[in-house]
1. Of (1) under 21 Å from Val34 (Cα atoms); (2) of a type in the set (Gly, Ala, Ser); (3) open to solvent by 40 Å² or more (accessible area, probe 1.4 Å), Gly81 satisfies all except one. Which?
2. Can you report the number of residues in the stretch 62-98 which are closer than 18 Å to Asn139 by Cβ and in a helix (DSSP H, G or I)?
3. Keeping to the stretch 18-42, report how many residues are part of a helix (DSSP H, G or I) and open to solvent by 30 Å² or more (accessible area, probe 1.4 Å).
4. Go through Ile49, Ile38, Ile91 for me and flag whichever is over 24 Å from Gly131 (Cβ atoms) and either at pLDDT below 95 or small (Gly, Ala, Ser) (or both).
5. Can you pull out every residue in the stretch 43-69 that is open to solvent by 80 Å² or more (accessible area, probe 1.4 Å) and among the polar types (S, T, N, Q)?
6. Going through the stretch 99-114 one residue at a time, which ones are part of a helix (DSSP H, G or I) and open to solvent by less than 50 Å² (accessible area, probe 1.4 Å)?
7. From the list Ser147, Ser154, pick out the single residue that is open to solvent by less than 30 Å² (accessible area, probe 1.4 Å), in contact (Cβ under 8 Å) with a residue 24 or more places away in the chain and within 24 Å of Ile99 (Cα to Cα).
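The values are calculated or read from the model by the stated rules, or taken from the named source; none is laboratory data. What you see is a predicted model, and the numbers here were worked out from it, not measured in a lab. Positions of Cβ are backbone-derived with ideal geometry, glycine not excepted, and every protein chain shown enters the neighbour counts. We work out accessible area using only protein heavy atoms, side chains counted, and drop any ligands, DNA or RNA first. Shrake-Rupley method; radii C 1.70, N 1.55, O 1.52, S 1.80 Å.
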Amino acid sequence: MDETATTVTFPTLIKEFSITTDQVQWVNTLVLLVIANIVLISSQIRLRISTKQIFILGVLLFTLGLIIDIFSPRFDLLLLGRALQGVGTGIGLTLMYNIILAEVPKEKLGFMMGIGTMITACAVALGPVFGGMITDALNWRWIFIISLFLSILSLFTGSY
């Protein structure tokens, strides 16, 4: 959801970091480019690392990106955090589908693939609403603070 939640923060980020509209677009574009590249190499990651290790790696990289974003005093550091979020998201996205394909019985495979796709699609669609509500009530950094809480929660529950 973070990928699109920041879209509504563009005017605020332009003012806060004294950047142009062209530059602020990288807040979302970079994440999507990194996710696309990680998806391309995910099969190689899967061959070398266990599922649990991939999950932990993905969540930790995503979490590190969030921490950088929360405390980022400069735009280039914000982009670094967003890139790490993209790596974590790319790992998690492909891992979700790998787990579904490997663990779900054939008769429930279509249903579970649909659930996985629905979660992804809803998160992308609800991101701007979430981002707008948070930015309006608090400030743009709270998008990442709330995501940090959810990321840490998922690390503990997923590891268990």
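1. Going through the list (1) under 21 Å from Val34 (Cα atoms); (2) of a type in the set (Gly, Ala, Ser); (3) open to solvent by 40 Å² or more (accessible area, probe 1.4 Å), Gly81 breaks only (3).
2. 11
3. The initial filter retains those residues of the stretch 18-42 that are part of a helix (DSSP H, G or I), namely 21-24, 26-42.
After this cut, where a residue has to be open to solvent by 30 Å² or more (accessible area, probe 1.4 Å) as well, the list is 21-23, 26, 29-30, 32-33, 36-37, 39-41.
Matching residues across the stretch 18-42 total 13.
4. Numbers: Ile38 fails: over 24 Å from Gly131 (Cβ atoms); Ile91 fails: over 24 Å from Gly131 (Cβ atoms).
When all the criteria are applied, what remains is Ile49.
5. Selection gives Gln44, Gln53.
6. Step one: filter the stretch 99-114 for residues part of a helix (DSSP H, G or I), giving 99-103, 106-114.
Ile100, Leu109, Gly114 - these are the residues of the stretch 99-114 that are part of a helix (DSSP H, G or I) and open to solvent by less than 50 Å² (accessible area, probe 1.4 Å).
7. Values: Ser154 fails: open to solvent by less than 30 Å² (accessible area, probe 1.4 Å).
It is Ser147.
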